[in-house]
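As structure tokens, the structure follows; a few thoughts come after it.
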Amino acid sequence: MSRLFRDVDGGELFPQGSVVCIGAFDGLHLGHRALVRHAAARARALGLPAVALAFEPLPREFFATGAKPPRLSLARNKVALLRELGIDSVGLLRFDGRMAATAAEDFVRDMLVRRLGAREVWIGPQFHFGNRRRGNLALLQEMGAGLGFSAGEIEPVHVHGERVSSTRIRELLVAGEFDRTADLLGRPYTIAGRVVRGRQLGRTLGFPTANLRFPKTPALAGIYATWVHGVFEQPWPSVSSFGTRPTVEGVEPLLEAHLFDYAGDLYGRHIEVEFVAKLRDEEKFNDLPALTAQMHRDAEQARRILSEHRLRATA
């Protein structure tokens, strides 16, 4: 049975044992997928549940002293993708001061052995955990020999000669290189969520939008040609703004997708926005008429790009 758990403390979760993989899993790129699929396959071979351990917030977010580092995906999307990849249970562990101070050895004994009954533990290349990042493959193998589990490391994944990593994907997103991003992710870059009510300014300006909150620092910002999935069987063409909306003094990052030639009510619907091309950076306009004129130009450019994109996809 699929389950989500958050704490190191508590009773034994898998008395029969489990196969565990550990990682940040931000974006779940091809490297992450290789790790997760390998762990899931080992779990099936042993007749045990497959468990993925991740952390929320990410350790690098917790330790950041200034602006929070960008995220590729939100926790809820990460959990959904892990389950799609064959994981039975997800541990989305709270990363706080207590977790940061936990010795790697204590994490192995309390989490991996006592709570999860780990029979095998799998990590990605150069993965570290625990206080002062002392936990690594060598420590896992040394402790596992005495505690009854084995540990292994997945080889790095390379695409077109470059190593797949979340850092590289963030760089590509900033540069607007969505085709190369998709190569490293194994799928187009998307952001998913439930449509929430905004200020409805777009409707007033003739550009009603479906709004998705992103309560983390996003890895990209600007105006984009996009496809919206989840409204119809086929992806729907759209132009999207992602950022803090400087002209109307926005604060929290918001993804606003204007679906072309669509007038339905999407509030509460779960949609997914696929990024195709960057049109421009966010810009603060002097007044709303200037903003509206630019929105029309953005929409025309997005329609043209998406028409060409569809033709390439069907060629």
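The values are calculated or read from the model by the stated rules, or taken from the named source; none is laboratory data. What you see is a predicted model, and the numbers here were worked out from it, not measured in a lab. Positions of Cβ are backbone-derived with ideal geometry, glycine not excepted, and every protein chain shown enters the neighbour counts.
Quick one: is ALA219 buried (at least 20 other Cβ atoms within 10 Å of the Cβ) and either modelled with pLDDT under 90 or not assigned by TED's automatic domain parsing to the domain that holds PRO70 (or both)? Walk me through how you get there before you give the answer.
On the way: buried (at least 20 other Cβ atoms within 10 Å of the Cβ): yes; either modelled with pLDDT under 90 or not assigned by TED's automatic domain parsing to the domain that holds PRO70 (or both): yes.
In short, yes.
Applying the criterion of at least 3 residues that are buried (at least 19 other Cβ atoms within 10 Å of the Cβ), within 26 Å of the chain's Cα centre (by Cα) and charged (D, E, K, R) to the helices (runs of 4 or more DSSP H) found wholly in the stretch 110-203 leaves an empty list.
Within the stretch 261-272, which residues are under 16 Å from ARG303 (Cβ atoms) and surrounded by 12 or more Cβ atoms within 10 Å (Cβ to Cβ)? I'd like the intermediate steps shown before the answer.
Applying the first criterion (under 16 Å from ARG303 (Cβ atoms)) to the stretch 261-272 yields 261-262.
Once the filter is applied, which keeps residues that are under 16 Å from ARG303 (Cβ atoms) and surrounded by 12 or more Cβ atoms within 10 Å (Cβ to Cβ), the stretch 261-272 yields only TYR262.
Set side by side, the residues SER18, SER89, SER73 differ, and just one is over 19 Å from VAL108 (Cα atoms) and hydroxyl-bearing (Ser, Thr, Tyr), which is SER73. In contact (Cβ under 8 Å) with a residue 60 or more places away in the chain and out of contact with any strand residue (DSSP E or B) (no Cβ under 9 Å at 6 or more places or on another chain): which single residue out of ASP96, ASP110, ASP106 fits that description? Selected residue: ASP110, the only one of ASP96, ASP110, ASP106 that is in contact (Cβ under 8 Å) with a residue 60 or more places away in the chain and out of contact with any strand residue (DSSP E or B) (no Cβ under 9 Å at 6 or more places or on another chain).
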